[in-house]
Amino acid sequence: MNSISVCMATYNGERFIKYQIDSILNQLRKNDEFIIVDDCSTDNTIGIIRSYLDKKIKLYQNSINIGCNRTFEKAISLSSKEIIFLSDQDDIWKSNKVSKILSSFSDKKLTLILSEAEIIDENGNKKGYTYYANRGGYKPGIIRNIIKANYHGCTMAFRSELIKKYGMPFPKNMSGHDIWIGYVNEIYGKVIFIDENLTLYRRHNSNLSDSIRSSILQMFSWRIDDSFNLLKGS
């Protein structure tokens, strides 16, 4: 069975990160790795990570704050396994997430998997809806995803070979690391969506991925950049 790299970007995540690390480590095997890149946290995030005496965890610290997209890019570039799982610092993985997704990767033509995520609040209470269903369901297609992106990092796992070959380094200007990976896979790979809640996706005021509230104009500008980058690379 394929070995995996879990890639996590952290920044001031001391409040929730232990729950997430515990839920991930419980599913990793001896030859898997857990790449964590910290983007200059000023709280006790680093201390919590270092408290885990587990050789699967490989911690790297940025010397300057480079933001979410570049921190994930660095984590992916440092990974060495066949399958990459992206992880936010404040969610919780269901206990069958890794086994469920790896079983689907038995299809050798499959390069990226998305799975449904159940929304919880900052206290872990279920909100009664799921991420993709709340957005109208997952719909494949490059044009469809440029109009309304369906790729959300904490729900993604992909073959490292394809993304490192065609998607990296990330473009200078882009809407998001996860959206870019999704675009690249739409062109070069094959995706499936697992309609099962495999992640508890925590929504709160200080989410790392939601730290910048983007205007409609900014989102439109990013979509133009994404389209140009795809055309340039094709």
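Does any residue in segment 35-53 that is at pLDDT 95 or above come within less than 6 Å, Cβ to Cβ, of a residue that is in a loop (DSSP other than H, G, I, E, B) and open to solvent by less than 80 Å² (accessible area, probe 1.4 Å) six or more places away or on a different chain, and which pairs are these?
Hits for this filter: ILE35/SER79; ASP39/ASN62; CYS40/ASN62; SER41/ASN12; ASP43/ASN12; THR45/GLY13.
Looking only at segment 124-158, which residues are of a type in the set (Gly, Ala, Ser) and at pLDDT below 90? Before you say what the answer is, go through the steps one by one.
From segment 124-158, those of a type in the set (Gly, Ala, Ser) are 124, 128, 133, 136-137, 141, 149, 153, 157; that's our starting set.
Matches in segment 124-158: GLY141, ALA149.
Select from segment 1-39 the residues that are polar (S, T, N, Q), open to solvent by 20 Å² or more (accessible area, probe 1.4 Å) and either touching a Ser or Thr at 6+ places or on another chain (Cβ under 8 Å) or on the phi > 0 side of the Ramachandran plot (or both) and list them in ascending order.
Within segment 1-39, ASN12, ASN26, GLN27, ASN31 qualify.
Within segment 111-144, count every residue that is touching a helix residue (DSSP H, G or I) at 6+ places or on another chain (Cβ under 6 Å), free of Cβ contacts under 8 Å to residues at least 60 places away in the same chain and surrounded by fewer than 21 Cβ atoms within 10 Å (Cβ to Cβ). Lay out the reasoning, then the answer.
Within segment 111-144, the subset touching a helix residue (DSSP H, G or I) at 6+ places or on another chain (Cβ under 6 Å) is 111-117, 138, 142.
After this cut, where a residue has to be free of Cβ contacts under 8 Å to residues at least 60 places away in the same chain as well, the list is 138.
Filter again for surrounded by fewer than 21 Cβ atoms within 10 Å (Cβ to Cβ), leaving none.
So the answer is 0.
Mind checking which residues of segment 141-163 are assigned to a loop (DSSP other than H, G, I, E, B) and either among the charged types (D, E, K, R) or under 22 Å from TRP93 (Cα atoms) (or both)? Even if it seems obvious, please write down each step before you answer.
Filtering segment 141-163 for residues assigned to a loop (DSSP other than H, G, I, E, B) gives 141, 148-152.
Scanning segment 141-163 gives LYS148, ASN150, TYR151, HIS152.
The values are calculated or read from the model by the stated rules, or taken from the named source; none is laboratory data. What you are looking at is a predicted structure, and each value in this text was computed from that prediction instead of being measured. Note that we place each Cβ from the backbone using ideal geometry, even for glycine, and neighbour counts take in every protein chain shown. Side chains are part of the model used for accessible areas, which takes the heavy atoms of the whole protein and leaves out ligands, DNA and RNA. Shrake-Rupley method; radii C 1.70, N 1.55, O 1.52, S 1.80 Å.
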